[in-house]
Amino acid sequence: MTGPSDPEQTGMPAHILELVMRQLPAVYWLVDHDLRVVSTGGAVELLFGYKPDRWVGSTLHEVMATDGAEPESIAQHQRALAGETFSYQSVYLEKRVAVTIGPDYRDGKIVGVIGTLVDVTAQSALETRMIDAQRAESLGVLAGGLAHDFNNLLVAIIGNADLGLRDTHPGAPGRAALENIRQAGLRAAELTDQLLAYAGKGGVSTTRVAPLGVVEELLRISAPTLPNNIKIMLDIPSELAMRGDAAQIRQVVLNLIGNAREALETRGGAITVTGALVRRGGAPDVDDVVTPTAGSYVELAFTDDGPGIDRETRRRIFEPFFTTKATGHGLGLAAVLGIVRSHGGGMRLVSAPGKGARFEVLWPATTTPVGQAIVADPDARTVLVIDDEDLVRDVVARMIEDLGYAAVTAADGQAGLDIIERQTIDAVLVDLTMPRMSGVDVIATLRRTRPTLPIVLCSGYDRDRRGPVDVDAYLPKPFRIEVLEQALAKLLPPR
């Protein structure tokens, strides 16, 4: 290995080599057998703020004592004098650096040690973001699958409780227990909704939303409970408009303002909510939580001057069930992340201990309203339930019959189509994920063969109502008997 102090052996003039080193986020140094710095060069002043010759003539022990570099570095330099080479990453003066240390040969003999250091802070941060994004995606798949399966169980729990309540007179023994079961089931359904939101599988009914109106409305509601030592300031242009689900946008705003408020509870401070129309090119940033594709966005930024967030907490803050609070289930920010993903938006988090926090959320911008779906309204009396879960099929059929309709069931899509061929069916409730034939295939077949037949999509994945699936109504699992009654009343009016 030839050192930069020997330009004749490198085949490159010394001034050219030094210029190249300065163009890179890199530094080099040479030490002799006594571990005394002979020369240094490269982007020393740019990276660390001091002159390249600051340590020339000093020993490595003196450098280590002043700059706080790792003590192992001296041992590695000593071993390099024996012919070994080392490559590793470390932190030096608050920068993540890649270091290589090896022997400096002259005329076949080791005359010292040459070291190079490259600033990889930005690259390391992006790699960490990629790993975190992959982990979040895996957690999202897991959370979505669990929520889907759990929602199927909740259909049976809430449905049976509803049926039991309809058959039980007020004050009867056991009625209070049924009411408690029903309420517990509904609270569990709220948690699965948040898991689905984190997984990016919350339904998105897009409309034109004015962010100023949303934030002002929520602040009017929450203002009476805001402590006197916390102030909220708004700077959102009234003409800003974005595309999204208004209810989910409100959920994001509430969560982020609530998060900032909790950060300021003990010390007080200010929360600033700003809005702006921005354009992003699609390139990742070191502070990205979700990198948006290229396009125009409405950026809503939530900034507080609280204690800030440390690096490890920043990495995990959007994970489901992760929380630094004494109370809470750790699903608020996880749901925010999922909602942003499902809208095709973006998110950045800029924070450090003692420097407050800034959450930036990007929503697809729009200048025109989004059209609304039209719901069909044909006559119907008999309902076919297609679902591969026995518990779900049974309880939904009983709920339908209790509401005064006839119910027929099928365990998969093909069996459901066979029933429709054999007898008169006036409406269909169909699940999305089933063996033999999926709900999507069932719906596509029925739209070709029975175009006027009302179809209700009933699924534990809330996002299943989106995309090319052409249905007349949607019921997210789990659902109450009153919700089923309302949906059937619209699709199956009395003759």
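The values are calculated or read from the model by the stated rules, or taken from the named source; none is laboratory data. Nothing here was measured: the structure is a model prediction, and the numbers come from that model. Please note: Cβ atoms are built from the backbone with ideal geometry, for glycine as well, and neighbour counts cover all protein chains shown.
Please give the number of the condition residue 436 fails out of (1) modelled with pLDDT under 85; (2) surrounded by 19 or more Cβ atoms within 10 Å (Cβ to Cβ); (3) of a type outside the set (Asp, Glu).
Against the list (1) modelled with pLDDT under 85; (2) surrounded by 19 or more Cβ atoms within 10 Å (Cβ to Cβ); (3) of a type outside the set (Asp, Glu), residue 436 comes up short only on (2).
Give the number of residues within segment 291-304 that are in a loop (DSSP other than H, G, I, E, B) and surrounded by 19 or more Cβ atoms within 10 Å (Cβ to Cβ).
Counting residues in segment 291-304 that are in a loop (DSSP other than H, G, I, E, B) and surrounded by 19 or more Cβ atoms within 10 Å (Cβ to Cβ) gives 1.
Can you confirm whether residue 101 is within 14 Å of residue 29 (Cα to Cα), touching a strand residue (DSSP E or B) at 6+ places or on another chain (Cβ under 6 Å), surrounded by 13 or more Cβ atoms within 10 Å (Cβ to Cβ) and among the hydrophobic types (A, V, I, L, M, F, W, C)?
yes
Which residues, counting only those in segment 219-230, are exposed (fewer than 15 other Cβ atoms within 10 Å of the Cβ) and closer than 14 Å to residue 302 by Cβ?
Scanning segment 219-230 gives a single hit, 222.
Contact list please: Cβ distance under 7 Å, first residue in segment 43-56 and farther than 18 Å from residue 120 by Cβ, second residue in a helix (DSSP H, G or I), pairs at least six apart or on different chains.
Every condition considered, the pairs that remain are 50/44; 51/45; 52/44; 52/45; 55/63.
List the pairs whose first member sits in segment 434-456 and is on the phi > 0 side of the Ramachandran plot, whose second member is in a helix (DSSP H, G or I), and whose Cβ atoms are under 9 Å apart, counting only residues at least 6 apart or on separate chains?
Close Cβ pairs satisfying both conditions: 436/413; 436/414; 436/415.
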